[in-house]
Amino acid sequence: MVIVRLATPLRKFSGGKPEIKAEGSTVREIIDNIEAKSPGFADKILDDSDIKQFINIFHNNEDIRFQKGIDTEIKPDDVLSILPAVSGG
C-alpha cells in the first residue's frame with residue numbers, strides 16, 4: 001500500500017491522521033480509492049478530473065506535474081504528499 005501524507009486542511013478525510021494508506025497504481029487510482037472511503041476528498045483535490053491549480057502532490061518528494069501528472073505510476077512502497085499551496089507575505 002502507498003502512504004499518503006495529508007496536510008492539516010485535508011485531515012478531515014482521514015479522521016485527523018496525518019497519513020493514511022491507500023491502494024492504487026496511479027495517483028488517479030489512489031485519489032479515487034480515498035474518495036470511495038471518504039466522499040468529498042476528490043472535490044478538494046480535482047477540478048474537471050485534473051489536479052486543482054493550488055494543490056501540490058509530491059511522489060517521493062518529486063512534484064507529479066514534472067512526471068505524468070495525475071497518471072503518474074505509483075509503486076506499493078511509495079509516498080504521496082498532498083499539500084494545498086500556501087501564499088502570503
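Couple of notes before you dig in:
- Within segment 58-76, tally of residues that are in a loop (DSSP other than H, G, I, E, B) and either within 20 Å of residue 9 (Cα to Cα) or at pLDDT below 95 (or both): 2
- Close Cβ contacts (under 7 Å, 6 or more residues apart or on different chains) running from residues in segment 56-83 that are at positive phi to residues that are modelled with pLDDT of 95 or more and surrounded by fewer than 17 Cβ atoms within 10 Å (Cβ to Cβ) comprise 60/78; 60/79.
- The set of residues from segment 39-57 being at pLDDT 95 or above, over 17 Å from residue 72 (Cα atoms) and not in a helix (DSSP H, G or I) comprises 39, 40.
- All conditions but one from (1) in a helix (DSSP H, G or I); (2) out of contact with any Leu (no Cβ under 8 Å at 6 or more places or on another chain); (3) surrounded by 18 or more Cβ atoms within 10 Å (Cβ to Cβ) apply to residue 24; the one that does not is (1).
Every residue, every condition in (1) over 17 Å from residue 79 (Cα atoms); (2) modelled with pLDDT of 95 or more; (3) β-branched (Val, Ile, Thr), yes or no:
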residue: 3; (1), (2), (3): no, yes, yes
residue: 6; (1), (2), (3): no, yes, no
residue: 9; (1), (2), (3): yes, no, no
residue: 13; (1), (2), (3): yes, yes, no
residue: 32; (1), (2), (3): no, yes, no
residue: 35; (1), (2), (3): yes, yes, no
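- Selection status of residue 79, at pLDDT 95 or above and over 15 Å from residue 32 (Cα atoms): yes
The values are calculated or read from the model by the stated rules, or taken from the named source; none is laboratory data. What you see is a predicted model; the values in this text were computed from it and never measured. Cβ: placed from backbone, ideal geometry, glycine included. Neighbour counts: every protein chain shown.
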